[in-house]
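A.B. asks: Sharing a structure with you now.
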Amino acid sequence: MTHASATVDMMHPPYPAERGLDVYNTKLGMWVFLASEVMFFAALIGTYVILRFGAPGDWARPGIVLSIPITAFNTFLLICSSVSMVKAYAAIADGDQRGLRLWLGLTILGGATFVGIQVFEYIHLVERGFTPAGIREGSELAELVAQGTLPAATAGLYGSTFFTMTGFHGFHVTCGVISMTYLFFTKALPGKYTRQDYRGIETVGLYWHFVDLVWIILFTIVYLI
């Protein structure tokens, strides 16, 4: 009997039992994933800052190569999509299926438009001669280099860091749009989310807000400073 009692006691946690995080596994997993993403983008941004201020020469001034007004509008659009994601979350938390579909659809539209404008920007930059390798010879921007308006010594670093950072961010936005589109057609549209269970919306919302925050930082240091 003594051995049996000891075996039973080992099956129960010691008293008092430690309290958990009160977070469901999917949300906890997203937090862990976002923590790794923070390190990833911190490495990219930190590398950019080190290369820019340690480069052997001047850096291109804002607005000469990049189109700030177009990107500013794109930034505003992405911030609006973050607001619509909050509205989608609030709608399903109140059990509003129609509101969820409306605001989630607007979020998807905003994210897809952001990616589309970024692709348009890339095409325009490459046509002008701005590539990941620097300034293409014989292009419009090459003439600015010849005139001394654009510094030639840092053109390669400028091109590689710009396309790397904004490209990886655009990839993350694309993944978010694909994820939200999947949830829209498989969960939101059929009405499978309820006031009691809307974990997918909350989880993808965390990811989307993180992507928006990263872009605000990138826009500031790449386009404005």
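A.B. asks: Note down the nm distance, to one decimal, between modelled labels 7 Å out along Cα→Cβ at Val83 and at Gln147.
C.D. replies: About 3.9 nm, to one decimal.
A.B. asks: Go ahead and set up a Gaussian network model of the chain, Cα springs under 10 Å, then flag whichever of Leu28, Leu77, Leu100 fluctuates most.
C.D. replies: Leu28
A.B. asks: For the modelled label position 7 Å from the Cα of Ile221 along Cα-to-Cβ, which residues of segment 153-170 have backbone nitrogen atoms closer than 20 Å?
C.D. replies: It comes to 154-170, nothing else.
A.B. asks: Please identify the GluC sites (Glu not before Pro) of segment 82-186 that satisfy two criteria: DSSP loop assignment and at most 10 other Cβ atoms within 10 Å. Which are they?
C.D. replies: When the GluC sites (Glu not before Pro) of segment 82-186 are filtered for loop state and at most 10 Cβ neighbours within 10 Å, Glu137 remain.
A.B. asks: Leaving ligands, DNA and RNA out of it, work out the accessible area of Leu144 with a 1.4 Å probe and give it in Å² to the nearest 10.
C.D. replies: My reading of the accessible area for Leu144 is about 40 Å².
A.B. asks: Say R0 is 45 Å: what FRET efficiency, to the nearest 0.05, do Thr47 and Arg195 get from their beta-carbon distance?
C.D. replies: According to the calculation, E is roughly 0.50.
A.B. asks: Just Ala35, Ala155, Ala60 to compare: in a GNM of the chain, with alpha carbon springs under 10 Å, which one fluctuates most?
C.D. replies: Top of the fluctuation ranking is Ala35.
A.B. asks: With N denoting the number of residues in segment 77-176, provide Rg(C-alpha) divided by 2.2 N^0.38 Å, to two decimal places.
C.D. replies: Expressed relative to 2.2 N^0.38 Å, the Cα Rg reads 1.52.
A.B. asks: Any idea what the relative contact order of segment 77-168 is, in percent, if you count C-alpha pairs under 8 Å spaced at least 6 apart?
C.D. replies: In percent, rounded to a whole number, it is 20.
A.B. asks: Can you work out the accessible area per residue across the chain, with the rest of the protein chains kept in place, probe 1.4 Å, in square angstrom?
C.D. replies: Normalised by residue count, the accessible surface of the chain is 56 Å².
A.B. asks: Not counting the cut sites, what is the longest span of the chain without trypsin sites (Lys or Arg not before Pro) that DSSP labels loop and that have at most 11 other Cβ atoms within 10 Å? If you can, show how the numbers build up before the last one.
C.D. replies: Details: sites that count: Arg19, Arg195.
Maximal segment without exposed cleavage sites: 20-194.
A.B. asks: Expressed as a whole percentage, what fraction of the accessible surface of segment 128-225 belongs to carbon and sulfur atoms when a 1.4 Å probe is rolled over the protein heavy atoms?
C.D. replies: Here carbon and sulfur together make up 64 percent of the probe-accessible area.
A.B. asks: Percent relative contact order of the chain, based on C-alpha pairs within less than 8 angstrom and at least six residues apart?
C.D. replies: 29 percent
A.B. asks: Let me ask something else. Scanning the chain for helices, which whole DSSP H stretches are 24 Å or more long along the axis (Cα) and average 0.0 or more by Kyte-Doolittle?
C.D. replies: The qualifying helices are 25-54, 68-93, 97-128, 155-183, 199-218.
The values are calculated or read from the model by the stated rules, or taken from the named source; none is laboratory data. On a predicted model such as this, the values are computed, not experimentally measured, just so you know. Virtual Cβ from ideal backbone geometry, glycine too; neighbours counted across all protein chains shown. Heads up: the accessible areas ignore ligands, DNA and RNA and are worked out on the full protein's heavy atoms, side chains in. Shrake-Rupley method; radii C 1.70, N 1.55, O 1.52, S 1.80 Å.
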